[in-house]
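Written out below as structure tokens is the structure these notes cover.
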Amino acid sequence: MSSLKKMVLKSFKQLHRTRLRVFDGDERALTAARLRINDEYNKNRNVENEEAIEALIKYGEDVERELRTQVIQAKQVKPGVFEAKITEDTVKLDNIPYNDAAIINDGISGGQPCCQDQANKK
């Protein structure tokens, strides 16, 4: 078995392992993810160009990382209260409270003319 085939198989298995962890206990999501993974790999089964295969492997790895680090599941435990399943792999960002009076600095200084204005004067 060529090393490229091994890499494809490894990517396929890793995606399925991640699917099992991320959607544990949710049969509907598990089934949908399994079907989607299998469909995508079957759709690209006949690709022979090595560069295209390597790009597809990279894409599969990116999808696996995205699933593992960005997808969380939440279930409603009582009306208006949800419980989220967050793992050690889940990316956690700083939460900045919303401030209605905040002044947004977009980096554009109002006193300087635009480069188009300068070009039109010449």
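The values are calculated or read from the model by the stated rules, or taken from the named source; none is laboratory data. Quantities reported herein were computed from a predicted structural model and do not represent experimental measurements. So basically every Cβ, Gly included, is an ideal-geometry build from the backbone, and we count neighbours across all protein chains shown.
Points worth noting:
- For the range 24-65, filtered to residues that are assigned to a helix (DSSP H, G or I) and among the small types (Gly, Ala, Ser), the residue that is farthest from Ser11 (Cα to Cα) is Ala29.
- If you go through the range 1-23 and keep only what is of a type in the set (A, V, I, L, M, F, W, C) and either under 16 Å from Leu56 (Cα atoms) or outside any helix (DSSP H, G or I) (or both), you end up with Met1, Leu4, Met7, Val8, Leu9, Phe12, Leu15, Phe23.
- Applying the condition of being of a type in the set (D, E, K, R) and surrounded by 10 or more Cβ atoms within 10 Å (Cβ to Cβ) to the range 77-122 and asking which residue is modelled with the lowest pLDDT yields Lys85.
- Near pairs, Cβ below 7 angstrom, 6+ apart or cross-chain, from the range 66-85 (part of a loop (DSSP other than H, G, I, E, B)) to any residue that is loosely packed, with under 12 Cβ neighbours inside 10 Å and not β-branched (Val, Ile, Thr): Ile72/Ala84
For every residue, the table says whether it meets (1) modelled with pLDDT under 95; (2) among the β-branched types (Val, Ile, Thr); (3) over 25 Å from Val71 (Cα atoms).
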site	(1), (2), (3)
Ser3	yes, no, yes
Phe12	no, no, no
Leu15	no, no, no
Arg21	yes, no, no
Asp24	yes, no, no
Arg34	no, no, no
Asn38	no, no, no
Arg45	yes, no, yes
Glu50	yes, no, yes
